[in-house]
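The structure appears below as structure tokens.
The values are calculated or read from the model by the stated rules, or taken from the named source; none is laboratory data. In this text the structure is predicted, and so the values were computed from the model without any measurement. Note that we place each Cβ from the backbone using ideal geometry, even for glycine, and neighbour counts take in every protein chain shown.
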Amino acid sequence: MRESSEFKYVGPLWPACVSSGWDHPSIIEAQKRKLPKFQELISGTQPLSVVHEADPPVNGSLVHHNLIMTYGYVLARSAKEGVVRIVDLGCGLEHYRHLANALLPDFCIEYTGYDLHSMGGLFPRDADLVIASGMMNYLPEWHMALAAYAASTGSARIYITRLPTTVEAPSYVFSQNARKHGYDTDLIGWCLNKTEFLDEAASVGLTLDREFMVEENPFIDGAPEQPVSRGFLFLRGGA
């Protein structure tokens, strides 16, 4: 018998009332506690395969090795003359800045991070790469956010990853009991139908450049279709 999952199906619509979610103070406290171990694990010559959400962070995950190496590919595609200007949406404690420096130590990394509260859509228009990792599906009006990012980021590539998707089932909402990660709260997020998401991206002027498999696929109790986590690298228009 399968153990009860930390993920539960909620329904086709975002609930009217939700818990504090990512606003809960335990999240920033846990991330601060875990950051030194994360920094230790990505230093030196050991594999870049760190699960930074684990409590404590651990190394040796093939899923996260794939995720991090894919990020290295995206950085290299976005670099211009040895410089990468990054805007990180939902940045937390800037894990993607640390990873960028570890992946491309000979490049100049110019990084600007925005947390979920400071994302007003006015981003540096000279950025080469805009990242939204594991955050797009936590926005109730994700399609409005996608349109705002597309309109506000100049010619930058947009990299949306760790996005739970379905192929057949319509988009739906799920909850996550995040306490095993040190977060004393429940999180609410979307599992987005892949076609719906890509159609929405195209409608706001984004052209898909490359799709990635993340294989970070949680089992969601009661879901009409189990999610497949994917990444998408977009260009503005046909650039």
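Restricting the search to strands (runs of 3 or more DSSP E) fully inside the range 136-218 and requiring at least 1 residues that are closer than 18 Å to Ile27 by Cβ gives 157-166, 172-177, 186-193.
Scanning the range 159-190 for residues being among the β-branched types (Val, Ile, Thr) and more than 21 Å from Ala16 (Cβ to Cβ) gives a total of 5. For the range 170-204, the set of residues classified as exposed (fewer than 15 other Cβ atoms within 10 Å of the Cβ) and not charged (D, E, K, R) consists of Pro170, Thr195, Ala202, Ser203, listed by residue number. If you scan the range 25-46, which residues turn out to be free of Cβ contacts under 8 Å to residues at least 60 places away in the same chain and not in a helix (DSSP H, G or I)? Across the range 25-46, the qualifying residues are Ser43, Gly44, Thr45, Gln46.
Listed by first and then second residue, the pairs with beta-carbon distance under 8 Å, at least 6 apart or on different chains, first residue in the range 182-204 and closer than 23 Å to Pro57 by Cα, second of a type in the set (Asp, Glu) and not in a helix (DSSP H, G or I), are Gly182/Asp55. Beta carbons closer than 7 Å, at least 6 apart along the sequence or on distinct chains, pair a first residue in the range 47-71 that is at negative phi with a second that is part of a strand (DSSP E or B) and not β-branched (Val, Ile, Thr) for Thr70/Phe212; Thr70/Gly231.
Starting from residues that are under 24 Å from Leu89 (Cβ atoms), assigned to a loop (DSSP other than H, G, I, E, B) and within 20 Å of the chain's Cα centre (by Cα), keep the ones in the range 1-24 and report whichever is modelled with the lowest pLDDT. Out of the qualifying residues, it is Ser20. Take the conditions surrounded by 16 or more Cβ atoms within 10 Å (Cβ to Cβ), aliphatic (A, V, I, L, M) and at pLDDT 95 or above and apply them to Val87. Does it pass? When the stated conditions are applied, Val87 does not pass them. Take the conditions (1) touching a strand residue (DSSP E or B) at 6+ places or on another chain (Cβ under 8 Å); (2) within 16 Å of Arg162 (Cα to Cα); (3) not aromatic (Phe, Trp, Tyr); His52 misses just one of them, which is (1). Quick check on my filter: what residues within the range 47-101 are under 24 Å from Ile28 (Cα atoms), assigned to a helix (DSSP H, G or I) and in contact with a Phe, Trp or Tyr (Cβ under 8 Å, 6 or more places away or on another chain)? Result: Tyr71, His95, Tyr96, Arg97, His98, Leu99, Ala100.
Among residues of the range 159-170 that are within 17 Å of Arg210 (Cα to Cα), those with a Cβ under 8 angstrom from a residue that is among the basic types (Lys, Arg) and crowded, with 21+ Cβ neighbours inside 10 Å, sequence gap 6+ or separate chain, pair up as Thr161/Arg230; Leu163/Arg230; Thr165/Arg230.
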